[in-house]
1. Being surrounded by fewer than 17 Cβ atoms within 10 Å (Cβ to Cβ) and either modelled with pLDDT under 90 or part of a helix (DSSP H, G or I) (or both) is the filter here; which residues of region 221-243 pass it?
2. Among (1) at negative phi; (2) modelled with pLDDT under 90; (3) assigned by TED's automatic domain parsing to the domain that holds residue 111, where does residue 157 come up short?
3. Can you tell me which residue among 218, 178 is surrounded by fewer than 14 Cβ atoms within 10 Å (Cβ to Cβ) and on the phi > 0 side of the Ramachandran plot?
């Protein structure tokens with residue numbers, strides 16, 4: 001038995017890095033990300049905006065290049081346009097829009113780089129100047145990225161200025177809606193303080209699953225000294241948990257004192 005222990009100790013004593021290389025990589029990445037953000041926060045606004053724009057543009061270019069490989073077949077299937085002289089402006093604009101949306105890896109890398117870089121840069125500047133990140137800042141960044149995307153991708157058509165503004169407004173409205181949607185569902189629900197003591201009582205007894213029963217029957221904290229077996233039965237709480245709840249109330253000095261004053 002003693003001979004087997006050193007082997008077991010060696011297995012248990014292996015470095016954590018060798019046992020979990022993926023977790024090690026994730027930890028190093030998070031550490032580098034934290035250091036990078038700490039360094040970036042100390043820089044001036046122009047430096048921070050330039051770095052954020054460049055890094056986001058690089059990420060966008062990578063995503064666009066990958067997307068371009070998926071749409072390369074579509075772009076290759078587009079027919080070659082006739083000479084420009086024989087095309088009316090609307091037909092030319094439609095063909096350019098099709099090319100912009102279904103271009104190859106390089107085209108999509110350029111489009112996504114501009115879109116993500118401008119968005120991140122404006123968001124960084126707005127956050128620094130306003131001290132917060134809200135829907136107005138998000139929409140302003142989306143408007144700028146939409147305008148630049150329209151100009152760079154060639155989707156502007158004959159009237160580039162008007163179409164660029166239209167694209168910017170479209171991007172801003174979509175981004176604003178997504179921001180509001182995310183804010184609504186990311187915020188935790190407000191805690192109902194009418195059930196604070198009830199929640200603590202049930203948690204201590206391991207009966208937190210029955211909190212919804214209390215809320216359904218409107219058994220708030222003020223009703224705790226008045227609780228009876230029949231009241232708990234009415235909100236569909238089983239006999240065992242009912243006994244535990246009533247026993248806890250009887251043992252609680254504060255609740256017992258309130259019962260005495262009411263009696």
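The values are calculated or read from the model by the stated rules, or taken from the named source; none is laboratory data. Given the structure is predicted, the values throughout are model-derived calculations rather than measurements. For neighbour counting, all protein chains shown are included, and Cβ atoms are generated from backbone atoms with ideal geometry for every residue, glycine included.
1. Within region 221-243, 222, 223, 226, 229, 230, 231, 233, 234, 239, 240, 243 meet the criteria.
2. The failed condition is (1).
3. Values: 178 fails: on the phi > 0 side of the Ramachandran plot.
Only one candidate qualifies: 218.
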